[in-house]
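Derivation of every value follows stated rules applied to the coordinates shown; laboratory data play no part. For clarity, every value in this text was computed on a predicted model and none was experimentally measured. No Cβ is skipped: glycine too gets one built from the backbone with ideal geometry, and neighbour counts run over all protein chains shown.
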Amino acid sequence: MRTGGPILTAFLLTAALLPGCGRKYPLPPVGNAGMPPESSYVRVEGWPEVPVAVQGVRDLFLGRDGFLYVADAQGLRRLYTNGAPAPVTFAGLQAPVAVAQAPDFSLWVVDSALQEIHGFSLSAEPIRQFAIDRWLIARVDTVNGQPDTVWQSIVPGGLTVDDQFRLYLSCRNLDLVLVCDTAGRLLDTLAGPGSGILNVAEPRGLDYWNGAVYVASTGHNWVEALSVDTPRTNLLHLGGTSHAGDTAAGFFRQPVDVSVDTTGAVYVADYGNARVQKFSASGAFIVETRNPDDPTARPLSCATTPDGMTLYIAFHSDQGDWLEKYTRPVRPGGNEGGTP
Amino acid sequence: MRPRIPALLLLLWVGLLAAKTDITHYTKIGNLSLTITNFGMVGNGFRVYDPATGRPLPSLEYPRHSGTEHLYRGGLWVGAVNTEGDTLVTTGVVDATSATAGSEGFEFYPTPADSDTIRIRSSLLTSPYYSPDAVSEEDFLATFYDNLQPVPNHVPLDLKVNLRSYGWSYPFADDFVILTYTVHHIGAGVLSDLFLGMYAELVTGNRDFWGDQFGRTPFFQHKRLVYLDSLHLIYERNDGFDTVATQYMGLKLLGVEFNGRRLPLDSLQVGFHWWSWQDMTGSVSDLQRYQLLSDTTRDPDVDDEYVAEHGYPDPIPLLSVGPVTYLSPADSVQLVVAFVGGENLNHLLENASWAQKAYDAHYILPGPPPSPRLTVIPGDHRAVLYWDRSPETAPDPSTGKLDFEGYRVYRRQLPDTNWILLKEYDRVDSLGFNVGLPDTVDTGAFRGWYRFVDEGIKNGFVYEYAVTAFDQGDPTIGLPPLESALRNNATRVVPGTPPTSAPDKEIGVYPNPYHLSSAFDTPGAYGRQIRFYNLPRRATLYIYNLAGNLVKTIEHDDPYSGEEAWNLISDRGFPVATGLYILVVKDHDTGRVKRTKFLIVK
């Protein structure tokens, strides 16, 4: 009878420790993890009600103010959610890349050509602008025997703002996510280069929800949620354990944008896989959405409504860029139990 | 025939019962009686009656108690574009044309909460509604929403509106009522290009002049409507057909505030439009209503010349202002308007000017000094008045200056409602009659107070006294001296013999014999009165009939009066019969008992 003791102890220790051994990253859950099934979002035909031409879309953003914002080669535009342009002009921009909105409805736009972030009031009046290419020193040269500072230019990928009015800027060329305030003072680095889940590679789209900044780490083929408070922790990891990417559900190939609804559900524009994937707040894959006419159309950016019932997607194909609206189907007699 | 449908409002009220709508409150403090509801409408459509008396409640009566009405109904309009690009308008009132469409266009509702009805506050210390938070002498407060109940053909803007009305009794401010509508967006996102409007079907006519035809189709055929751009003032008058209703009634835009900051009106578009009755019923699209709200042009006046040339249009006016570029959930926008009355055009303009001054001064108006504290002690054919000097140290709430000038002493004998000025005192300065202030009392409980004796009044009758304080006024702005209200310290007394325990003072009775409807009686079964005098300070009065039965017992305890009245009702609650009665008075201080007899003849 006594011989069974060590065996049982070893078995229990193995059972307890084995699942964690060698797990560098949280694995994407298999299946729907008990979530109610959810159908793919359905395209809203006839939208936009007023045709809106876009070209070279860099960001599609649904503001706290309820407006849809498009940053493309034509500049930054505010749209009603029926697609009609709102009669407002954001002056002084050349190549807006990403847009974010603070709790006071002020709008913040990063411009790659100007190397500046511009702030606008709700009425589109300029309220502040500051340079982003004076934050980092690339090197110090010697010119005529004098030191000459060469500043580091930034290729911005995404922008978001938290409840404390801190701006987060992803720098594609530097593998950085920088933190600054609305006065333009560089405060911190949220994430830097490396291969771990607290690092980023060629980061692009950003979104903020509930104390975390969600980063589409394009070079890693991952999406990370990083705590804004220190010490930095990874609050959610999506995309598997390798940087190779995959076409399977829950994996990405060149994720370029991320959007989060008020339940914490995450929407990822999976550019290389030509789909937008939806995950629960805990990272369970829920559903993917593709363009029904052209399954190869690649999402450039996506934005969700706060309730997660509507998705706005900017697509790109050989035909050019365009915007589409998708809604979550509701079962007869009610929805699917709410957004997971 | 113009379809004024009596059942409309009734059906509307029935439909809103769950929301506890309130249409019974109207302003009373000033010279305008304006019905204010808790669902976005003002006025009552001339269809609401006092259940106690059966008499109609005022819609917008001016002057008060004159029977002359000036407003069928009015209400707030709000139009904006939501983030979906939809142009929407929520209306508090429209030209309702049928009972089934009645709720369409009446799109604001209170919550079902018991507290969400009309609430009243007053800055008057003597008011039962006194509140230190009150802005005026009569504040009405209400809150209503446009998204609580589904309304046919209505897409809500998701608005919450706080309505406050302000009224005063001051002589320069009693001819207007100010309405402030504070609009909050309680939905998601923001509203853009927001316009505010005040719908007001102004129509002047006197109830007595029109009789049964009041509020019927012919009644509405005599409106004349004028808009004064520079004053943002619409006014209406009768064309002269109604020879009683000669007053003017105006609707004036006073201001617009965004997040508590006042916006210059010249930075906004102010519009005046009118349409013919029925042209703006519930079936009209929101887009068409919004175009009216946002149209910067103004319509022509409907004056005699216009009517002669174009015929009578039966106009319904709308005064609008905007745009407010964006309204987020964190923002609020406030529309401030005033209904202003006037005996004639000049009087209207003068009152409109005061309404604007009231708004510009953040509702801190020049006010009269407070009333002094007053004590009146009745005596034998006299009354002695004592009042304190507190008004003399009270600064004017507007200027902060000590501008007290004098006192006035008034008396009236009830039931007469007219006050008689007995005496006026004023400081010796460059103003007034310079008669000086009265002497103060040197000793006793009223030491330091003023004293005035009114002699020669009749014992047993009810008199009311009041002492007011008045200030210097301000001639530089056309402000006359302001006087505190008589009702603030009005005090009733019944003069009579002072209390006495002297053995040689016989108890007296008057009138004796008592006959029905004596001069001392007041109307009603309990208004009969027989009085006993020369009573001790503290005594018990026993009244017996000739059979020796105790009919009535009265306790008397009054340091100032030796009189007591009996209403001829027995202790068992029945009127006493004709006959001879015996009064026995037991003096509690001396133990002495006195007797007398009196006769009642019915």
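Which chymotrypsin sites (Phe, Trp or Tyr not before Pro) in the range B:509-559 pass both tests, a DSSP loop state and at most 12 other beta-carbon atoms within 10 Å?
Hits after loop and neighbour filter: B:Y526.
Which order do peptides B:588-599, B:287-298 fall in by mean Cβ count within 10 Å, highest first?
The packing order, highest mean first, is B:287-298, B:588-599.
Taking a 21 Å limit on the Cα-Cα distance, which of the listed pairs B:K28/B:K423; B:K458/B:K602; B:K458/B:K597; B:K505/B:K594; B:K252/B:K357; B:K458/B:K594 fall beyond it?
The answer is B:K28/B:K423; B:K458/B:K602; B:K458/B:K597; B:K458/B:K594.
Estimate the FRET efficiency between B:R492 and B:S430 by the formula 1/(1 + (r/R0)^6), using the beta-carbon distance for r and 35 Å for R0, to the nearest 0.05.
Once the sixth-power term is evaluated, E becomes 0.40.
By its C-alpha gyration tensor, with a ≥ b ≥ c as the square roots of the eigenvalues, how is the range B:374-493 shaped: rounded for a/c under 1.5, else prolate for a/b larger than b/c, else oblate?
prolate
Once Rh is set to the Kirkwood radius over Cα pairs, what Stokes-Einstein translational diffusion coefficient, in µm²/s, holds for the protein assembly as shown at a temperature of 4 °C and a viscosity of 1.567 mPa s?
For these conditions, the coefficient is 37 µm²/s.
Under 5 Å between amide hydrogens, which residues at least 5 positions from A:L236 or on another chain qualify, with H placed 1.01 Å from N in the peptide plane?
Under 5 Å from the amide H of A:L236 lie the amide H atoms of A:A225, each far enough along the sequence or on another chain.
Return the long-range amide H neighbours of B:W77 (sequence gap of 5 or more, or a different chain), with a cut-off of under 5 Å between placed amide H atoms.
So B:W77 has HN proximity to B:G92, B:G197, B:M198, B:Y199.
Going by how many other Cβ atoms sit within 10 Å of their own, how do B:E257, B:E104 line up, fewest first?
Starting with the residue having the fewest Cβ neighbours, the order is B:E257, B:E104.
In square nanometres and to one decimal, what's the mean projected area of the convex hull around the Cα atoms of the range B:80-211?
12.0 nm²
Relative contact order for chain B: what percent, with Cα pairs under 8 Å and sequence separation of 6 or more?
That works out to 10 percent.
Taking the number of other C-beta atoms within 10 Å as the exposure measure, put B:Y306, A:Y69 in order starting with the fewest.
Starting with the residue having the fewest Cβ neighbours, the order is B:Y306, A:Y69.
Report D for chain B in µm² per second (integer): Stokes-Einstein, Kirkwood Rh on Cα pairs, 20 °C, 1.002 mPa s.
77 µm²/s
In percent, how large is the relative contact order of the range B:374-493, given Cα pairs closer than 8 Å and 6 or more residues apart?
30 percent
Could you work out [θ]222 nm for chain A from helices alone, using -39500 (n - 2.57) per DSSP H run of at least four and dividing by all its residues? Round to the nearest 500 deg cm²/dmol.
Taken over chain A, the calculation gives -1500 deg cm²/dmol.
Report the FRET efficiency, 1/(1 + (r/R0)^6), for B:K505 and B:R572, where r is their Cβ-Cβ distance and R0 is 45 Å, rounded to 0.05.
Working: r = 31 Å, r/R0 = 0.70.
After rounding, the FRET efficiency stands at 0.90.
Counting only other residues whose beta carbon sits under 9 Å from that of B:V155, what net charge do I get with K and R as +1, D and E as -1?
-2
Given the Cα-Cα distance of B:F461 and B:L414 and 0.36 nm per residue of separation, how much length would full extension add, in nm?
16.1 nm
In terms of the Cα gyration tensor, with a ≥ b ≥ c the square roots of its eigenvalues, is the range A:242-309 rounded because a/c is under 1.5, prolate because a/b exceeds b/c, or oblate?
Since a/c reaches 1.5 but b/c is at least a/b, the shape of the range A:242-309 is classed as oblate.
Hey, what does the equivalent ellipsoid look like for the range B:6-360, semi-axes from the Cα gyration tensor as sqrt of 5 times each eigenvalue, largest first, whole Å?
That gives 27, 24, 22 Å for the three semi-axes.
Working from Cα positions, state the angle (0 to 90°, nearest 10) between the long axis of helix B:6-15 and the longest principal axis of chain B.
Roughly 90 degrees, rounded to the nearest 10.
Please give the helix B:345-360 orientation as an angle from the longest Cα principal axis of chain B, in degrees from 0 to 90, rounded to the nearest 10.
90 degrees
Provide B:I530, B:I507, B:I364 in ascending order of the number of other Cβ atoms located within 10 Å of each residue's Cβ, fewest first.
Ranked by crowding around the Cβ, least crowded first: B:I364, B:I507, B:I530.
Shape verdict for chain A, please, from the Cα gyration tensor: rounded (a/c under 1.5), prolate (a/b greater than b/c) or oblate.
The shape class here is oblate.
According to a simple spin-label model (label point 7 Å from Cα along Cα-to-Cβ), what is the distance in nm between B:D212 and A:A113?
8.1 nm
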